[in-house]
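Before any comments, here is the structure.
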Amino acid sequence: MEVVLADTLLSRCGDRAALLRALSAPLSAERAEALRLLLQRLAAGGPAAAGEAEALRRAAWEVALERCRPLLRGGEGAAAGSAERLRAARGALRHCVQLCGAPLAARLARDALAELAAGSGAAAQEAAVEALVAAAPRLEEPELLSRCAAAALALLREEGEGEAAAALVAGRLLPALGANGAALPRVWEGLLGAGGAARAGRALLALSALADALLPRGPAEPGLDARLCPRFWRLVQEGLTERDGLCRKRARYLLKRALDLSGGQRAELRCAPDGGHEPSLFWWSAEKNEQLLQFWETYILIMETLEGNQIHVIKPVLPKLNSLYELAISGDKGCWLFHPSWHVCIYRRMFESENKTLTKEGILHFLELYETKHLPNSFVFSEFVIGPLMDALSESSLYSRTPGQSIGACPPLGMKLQKFLATYLTLLPEEEKGSFLLKFIQKMTSRHWCAVPILFLSMALASIPACKVLGAEGLHALRDVLQCTMITHQILLRGAAQCYLLQTTMHLTDVEKVSFPEVSSFLLSLRPEESLRRDTLLWTELCSWLQVNDRRFRKSGTSDFGHQEASSLCQYVHSLVGEYLKTPASERENCFMPDWFEAKLVSTMILLAADVEQMKNKCSGKSNIEWIELEAFLNPLLDVLMKLGSNAYIPTLKADKSLQLLLKLLQTRWLKCSNAQDVLFFIWKSLVTPVESILEFVLRRLTTNELSTVGDLDRCDLYLALIPELMNLCLKVNLKKMSSIRNFLSSLISASIRNLQERNSEKELKLKDQIRKVAGMASLAAVCEIMDGELEVHLESLPSVDALKKLISFSRFNEVLKKPSYIEEKNRYYFFHSSCEEKTSQGWGKIVARYVRDQWICLRFVLNSFGTLAQGCEETSVMSLSMAERSKEILQSALEVLSILPSDQVSPVFDCMKVLVPKLLDSSEALCIEAFDLAWKIISSLSNTQLIFWANLKAFVQFIFDTEVLAVAASAKGQAYTKIKEVIFKLIDLSTTKTGVFNVVLSHCCQSWIFPTVDERSALTNAFLNAGNYSELITEACVFGTVFRKDQRPIQDVHAFIENLGEKCAANVVAESTNRDDHFVRICAVKFLCLLDGTNILHKTFMEDIFIKLLDKDELVSRSRTRYYANSLQHRIKNRVWQTLLVLLPKLNQNFLSGTLDRVFQAGFSNNQASVKYFIEWIVILTLHKYPQFLDKFWDCFCYDEEKLKKSICTFLSVLAHFDIILQNTSEKKPALKKALIVVLQWCFSHNFSVRLYALIALKKIWAMCRMLHVEEFEALTPVIESSLQQVENMHGTGNARRNWQRIQDHFFFATFHPVEDYSLETIFYILPRLSELAEDEWISLSRFDRFTDIPWPAAFQWCHSRTELRELKPSDWTQQDMGSHLAEADSQTEWTDVQKKIIPWKNSTPSLDLEMAFQDRAAKLGKSNSRLIVVASLIDKPTNLGGLCRTSEIFGASALVVGSLHYIQDKQFQHLSVSAEQWLPLVEVKPSQLVDYLQEKKTEGYTIIGVEQTAKSFDLTEYCFPEKSLLLLGNEHEGIPANLIHHLDVCVEIPQQGIIRSLNVHVSGALLIWEYTRQQVIKQKQQQ
């Protein structure tokens, strides 16, 4: 109609130019629209007369520059209808350019470019872009075209707030430039040229806008076919794997468009190769059109399915990946037909998915490729493995076990990774193996890995078949990986990774390319306490490797080997020792200790060389080993050590280095020495020779003025560390040397006491005097620690020990050393002193703390050895305070020192408090409680400090839970007793967040309660009394254990896997067992209970108390939650309660059980999970078996009303199913059988099917016993019972009845389980939880009981192992077998015949120039359809309904969704339902009060207003034909469409209904009408085609 009116007006107007000018002033919204329409008709009309045409051009020029441009520059303005006016002005400007041609286009372009260069605001920028949009198609000047293209690309690349500008450029300007054949090459070059190309997201935005020009359906411009450009395809691939869904959608659109174009043209084209020997990124051939279409259709199906992120949708599609490989590889030539990077895009998309299950599926699929398919070698895959694949493998949660795997099995990903790496490397060409592995290892060093991924990557490297591919660079990279493993606190996993990395080194290193110094440097990165130790198989493997490759290692450039006939390893070690002990002639006395690195290196290589020699001698069959080489290694060291005592001029550096090496060699003393022919024994025998010389040197250094600087304190530590090692060496090798040790210690004590008692007469304190005191106190502390530990030597008899005791007893505690003056005389040592003080790592505060700590170590020795401070002192004790006062004073000093000492030095203070507190609990309870509180404060503050927490926790536990402390506190039952119990529960709470805390507490208490250190009978009694007084500790331990978080389970599983490897993994042998697993708490408690003796009154009382408390805990859980889920914490606690009760049961007597059995029966009436039910039934069976006299109580359980019995009767019927075992100890079996038969028969007629089944299984058992015993009273019932049982056995029908009857008979509890013969810890803690389908982390295997050695097994303990028949059973609960019988068949299919496909329309979805400005950001996005349907939801106010409607409207291509407020978009419920549809669908805000005006406006635009409402004249939906321009008005959820709006409707449509409820949800109603509209329009389009 508008067009007709415009043509009529133009035909009747004499002066068209005047008409244009008249309409343009003033330019309201209506006038602007009329002006646009007239200009459009004029531009579309034929040529006018010359004069008239010129007049029209002038008028159009004026309108463009004087009306449209100023209006666009003014922005939105405040006038009503400004958006419509601006839209009309933009259209009018375009038509003006069409009328005026290139001159106006050039003028507009210059002005717009100038405005953009000036950098004005957003509105001016938008106006300039609109001017360029109008001008671009008619521009002819090359310079202007280049500038326009450059400006467009600059706006496109603009970051930050440039999103709106980029969308505007892509949506309007780029298509306009693309329409200009001369401008398109410039834009193309700017987008994909060698210069600064736009980032992927913006580039794809631009390419989508230019799709019509770059991928034309007609003939393309020469050289501008995007399909021939490698950079274009790289960009598409990059877009396919972008994290942004919008980028991925654009990339898929471009790919589909290119494929549709190629397939439709049946083109012959090939993109230029992108370097290397790989195929083209894209090619097409008419001859292989069908094969190509099949490949790409499958490819796009996979990529679009991956967008769903739903594993149940994606998994059926994954087998199509295999068919993709079959299509991509040439069977004849064995090469790639399609570039492998397309396959990589699929895996990268899966790896970056938020769904970790999908990521894992993708990784497993890729790793399996090389097992199932022979793929040609590809550089792309190598880069992919080293890049995205390794990045994806860094996620720890991927290494979880599958549900069917047992605990301790290797996770599937770990196994696949090993096979993949071994297979992949085998298939690589020889020349590429080394570089690939080097990059792989270097990638492992490029990030911080968690313990689990680095372990399995190391294991995969170690599984590669031996090949010589790594040189020095590879060895250095492996050393760097070792450093990466050190950051984790998982010691076992850290050690295992080190073991595998060492094996990798031995398997893959080309020894001819590495030298011994490089190998030894790598070996030193391994920690002996975690991986490489001499008593492991790994050490033997290393020695064997060194022996086999001896004389093959590359010689180091710095080596100077002498004897060519000697082994090269021996040459290296001999040279290493010599170089180590050399000191430069110009070396002055240095205050710094040498680094320990060299000493560790030399000692390790000496041991390795010696063991290699021993291995060679064994291989050669030598019986007498002379150790010539080892002697040659040690002689230089022994020469220096022998001279230490007599030669005062040996350089300090040389002495330090020799003593460091000696200490490292001596620290091997705790390794096993097989016999006198062993290497270690020879080393020890050699090192014992210079003991006297060393002791003389150490005594001189420690007691004279030779230690005078802060740096000398490190030397002091070295000397003191040597003393216990030398003592143990003498005890092991040469006892005659012990007299020298005793003399040395006596002299050291005396001299140290003199140094401490010496008073300085000078006013200013000197550094050397204070250092001498620090060294003296440290010496005394070291001696005290030796005497505390070496009881068999009896060092307390030394005469100087009394002097030491007097010194400690009467000295002031916490005495600190004042900081000395550093301004000493300017002698020749001034620079030396000052440099030491500047560079030393020990500040004076640390030195003072050490001095104070050493005082408390000495006090601990005195208190432990003599009990009281004044014992043995003579007349001086009269002058001193009373013992109680002295103890109180010391305890107060302890509290003071705890507040100032560093946390890693408080353990000796705790040890002293342990002795003092019991003496003061009666007289100074408040002070003792203060001590408890302060100690707990220190421990709780250290809970996040891994390195020092555990040592301090142990000292804290030994203090608080000392036998005497506990006994004294319990006897008084005062505040201290309450405080200790409070500490117990605080520790248990701490255990839930820091695994292993409760283990330390419980292990200490159980050992001290049942194995006290004092041999007196009273001590044993008192110790076990503590168990009764603090029984909460055992009770809580019996049920302890948290439900592991999901992220913790892989760690636990991998720990179990490594432990199962046993000695194969050296970390299991080397790493100290910390017993910090939660299971060990319950294991400790159970083993403690197993050690108790039922005949011991104390033990008996304690066990009965625990039994009652556990029943109380079970009742508490049952009351707190009557229904609980399987494997919930409540379920686990109840399960642990009944497991412990079952352990205690054999130790309880009849009298006690008589009073508690009713509570057991009551527990059977509760609503219990299967595992708990089995334990209750088992306890009842065993109790009745041992004490048949309790049968009357059992029969009473069947006398309750049916309401109480209906949920629990199966428990008691299960007991009757084992009635033969119950009656084993009964002489009068017939009366019991008669009672049982009467009880069972009445339940055989229950309405409940499960109850009938249980009753029938019990009836079968009882009736068999009756037949065996020939009970005559039941002869009359024989036909009825036997016919009933026969009928059950021969049950027919297609239902589940017969199958369930068979299953309950085969169930382990009735078919295999024997309550008496299967009574064992293995059944209780492992087999029964496994068979009852309890979570795997509740299974405790017998090996874990054996591994926990803190508490031994009782002598002749028999209840460990179960019968083999029960152990071999697999879980099968008959009540859970009815579902999923066909699932296995479904899962076994390799590929689904049909898959769920997400429909993503893409054709005709390019951006349009006519979109409203409000939606320009969406205009450039894909998904714009040709639908003319508007959905109006302004009356709807629920975000869920609006979100669903938004999703439905976008899917079916509605042109817009109208809502009452755009704020709904931010609502989380809306977003949850819309799943990002609001990003693809234009949304318009029209408030309910504005609806009348909006509907009228749309009526004028030709829309039919359709209401979804039931009225007298409404049309049936099935009969109504929707017009193309339809507006669908939806009513409110409760009130529908208001009456004032109904008369504005053109038509009402109602949905036919069959039910009673007369209304549908508004979203459902809207969806039905939207679909019906879409269906009708699709049919019309097909008919037109």
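The values are calculated or read from the model by the stated rules, or taken from the named source; none is laboratory data. On a predicted model such as this, the values are computed, not experimentally measured, just so you know. Please note: Cβ atoms are built from the backbone with ideal geometry, for glycine as well, and neighbour counts cover all protein chains shown. We work out accessible area using only protein heavy atoms, side chains counted, and drop any ligands, DNA or RNA first. Shrake-Rupley method; radii C 1.70, N 1.55, O 1.52, S 1.80 Å.
Shown in residue order for the range 489-503 are the 3J(HN,Hα) couplings computed by the Karplus curve 6.51 cos²θ - 1.76 cosθ + 1.60 at θ = phi - 60°: 8, 7, 5, 5, 5, 5, x, 4, 4, 4, 4, 5, 5, 5, 4 Hz (x for Gly and Pro). Solvent-accessible area assigned to carbon and sulfur over the chain amounts to 52 percent, based on a 1.4 Å probe. Each peptide among 934-942, 915-923, 995-1003 gets the average number of other Cβ atoms lying within 10 Å of its residues, and from highest to lowest they stand as 995-1003, 915-923, 934-942.
Any chance you could give the angle, 0 to 90 degrees and rounded to 10, that helix 1170-1186 forms with the longest Cα principal axis of the chain? Helix 1170-1186 sits roughly 30 degrees off the main axis of the chain. Distances between placed amide hydrogens fall under 5 Å for residue 1484 paired with 1457, 1458, 1459, all partners being 5 or more residues away or on another chain.
Listed options for Cα extents along the principal axes in Å are (i) 136, 96, 85; (ii) 139, 115, 74; (iii) 148, 80, 72. The value calculated from this structure is the one marked (ii).
Note: relative contact order over the range 318-412, using C-alpha pairs below 8 Å and six or more positions apart, is 24 percent. Return the whole-Å distance between the Cα centroid of the range 1509-1527 and the Cα centroid of the range 343-394. The distance from the Cα centre of the range 1509-1527 to that of the range 343-394 comes to 53 Å. Peptide packing for 1263-1269, 901-907 was compared via the average number of neighbouring C-beta atoms within 10 Å per residue; ordered from the highest value, the list is 901-907, 1263-1269. Cross-link reach is defined here as a Cα-Cα straight distance under 24 Å, omitting same-chain residues fewer than 8 places apart; for residue 979 the lysines meeting it are 888, 914, 919, 937, 954, 994, 1109, 1113. Here r is the Cβ-Cβ distance between residue 13 and residue 1501 and R0 is 22 Å; the resulting FRET efficiency, rounded to 0.05, is 0.30. Highest mean first, the peptides 452-462, 105-115, 637-647 sorted by other C-beta atoms within 10 Å per residue fall in the order 452-462, 105-115, 637-647. If you sort the three axes of the alpha carbon gyration tensor as a ≥ b ≥ c, you get a/c of 1.5 or more for the range 320-380 and a/b above b/c, which makes it prolate. Remark: the range 1511-1521, residue by residue, has Karplus-estimated 3J(HN,Hα) of 10, 5, 10, 6, 8, 6, 4, 6, 10, 8, 9 Hz, where x stands for each Gly or Pro and the curve is 6.51 cos²θ - 1.76 cosθ + 1.60 at θ = phi - 60°. The C-alpha atoms of the chain define a longest principal axis, and helix 997-1010 lies at about 30 degrees to it.
Of the trypsin sites (Lys or Arg not before Pro) found in the range 1478-1560, the ones in coil according to DSSP and having at most 13 other Cβ atoms within 10 Å of their Cβ are 1513, 1558.
The residues of the chain have, on average, 44 Å² of accessible surface per residue, using a 1.4 Å probe with all protein chains present.
Considering only beta bridges that DSSP places wholly inside the chain, some 15 percent are antiparallel.
Each residue of the range 142-157 was assigned a 3J(HN,Hα) from its phi angle through the Karplus expression (A = 6.51, B = -1.76, C = 1.60, θ = phi - 60°), giving x, 5, 5, 4, 5, 5, 4, 4, 5, 5, 4, 5, 5, 5, 5, 7 Hz with x at Gly and Pro. Using modelled amide H (1.01 Å from N, peptide plane; none on Pro or chain starts), what sits under 5 Å from the amide H of residue 1548, excluding residues fewer than 5 places away? Here the answer is 1507, 1515, since their amide H atoms fall under 5 Å of that of residue 1548. In a DSSP loop and with at most 13 other Cβ atoms within 10 Å, the trypsin sites (Lys or Arg not before Pro) in the range 405-470 are 447. Listed by chain and number, the lysines whose alpha-carbon sits under 28 Å from that of residue 1235, ignoring those within fewer than 8 places in the same chain, are 1173, 1186, 1193, 1204, 1206, 1207, 1260, 1261.
List the trypsin sites (Lys or Arg not before Pro) within the range 1099-1154 that DSSP assigns to loop and that have no more than 12 neighbouring Cβ atoms inside 10 Å. Listed in order of number, the matching sites are 1123.
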